[in-house]
Amino acid sequence: VQLQAFGGGLVQAGGSLRLSCAASRSILSIAAMHWYRQAPGNQRELVARITSGGSTKYADSVEGRCAITRDIAKNTVYLQMNNLKPEDTAVYYCNAYESYSNYWGQGTLVTVSS
């Protein structure tokens, strides 16, 4: 599966962004889709996950501020981010986990100014 992420940009602290991840085929058969992020000098970390059954999970750092959703008809997963903080600045990556393999999209940069 090929993934294309977009929607990043520059936003002030307290603002919102919605990231999109478009898959090349149906996401229903994909066990789980994730959003990860990587800030300069840091390891890549999991931000949010949605399973094929629709269950979601969030990192503690974004719990209550982010929502991962999906549009099955559009083969697209979204990450709505609210009340953004400067520490949310990172490159955000979309990931699909299927058949013991990981598939990655290109990153999209989110910059939050204070």
For segment 44-55, indicate whether the set of residues that are touching a residue at least 40 places away in the same chain (Cβ under 8 Å) and among the hydroxyl-bearing types (Ser, Thr, Tyr) is non-empty. no
Could you look through segment 15-25, keep only residues that are farther than 18 Å from Arg65 by Cβ and open to solvent by 50 Å² or more (accessible area, probe 1.4 Å), and pick out the one that is modelled with the highest pLDDT? Ser24
Taking the condition in a strand (DSSP E or B) and open to solvent by less than 40 Å² (accessible area, probe 1.4 Å), does Ile68 pass? yes
Scan segment 37-48 and tell me whether some residue there is touching a Leu at 6+ places or on another chain (Cβ under 8 Å), modelled with pLDDT of 95 or more, farther than 18 Å from Gln2 by Cα and assigned to a strand (DSSP E or B). yes
Need the failing condition index for Ala73 against (1) open to solvent by 30 Å² or more (accessible area, probe 1.4 Å); (2) in a loop (DSSP other than H, G, I, E, B); (3) out of contact with any Phe, Trp or Tyr (no Cβ under 9 Å at 6 or more places or on another chain), just the number. (2)
If you check every pair at least six apart or on different chains, which have Cβ atoms under 9 Å apart with a residue in segment 6-32 that is farther than 19 Å from Met81 by Cα first and a residue that is hydroxyl-bearing (Ser, Thr, Tyr) and open to solvent by less than 30 Å² (accessible area, probe 1.4 Å) second? Ala23/Thr76; Ile27/Thr76
When you look at Leu28, is it assigned to a strand (DSSP E or B), out of contact with any Gly (no Cβ under 8 Å at 6 or more places or on another chain) and surrounded by fewer than 19 Cβ atoms within 10 Å (Cβ to Cβ), yes or no? no
Condition first: open to solvent by less than 40 Å² (accessible area, probe 1.4 Å), more than 13 Å from Val47 (Cα to Cα) and part of a strand (DSSP E or B). Now tell me which residues in segment 78-109 satisfy that. Ala96, Glu98, Thr108
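The values are calculated or read from the model by the stated rules, or taken from the named source; none is laboratory data. Predicted, not measured: the structure shown is a model, and the values here were computed from it. Positions of Cβ are generated from backbone atoms using ideal geometry, with glycine treated the same way; all protein chains shown enter the neighbour counts. Just the protein is used for accessible areas: all its heavy atoms, side chains included, with ligands, DNA and RNA removed. Shrake-Rupley method; radii C 1.70, N 1.55, O 1.52, S 1.80 Å.
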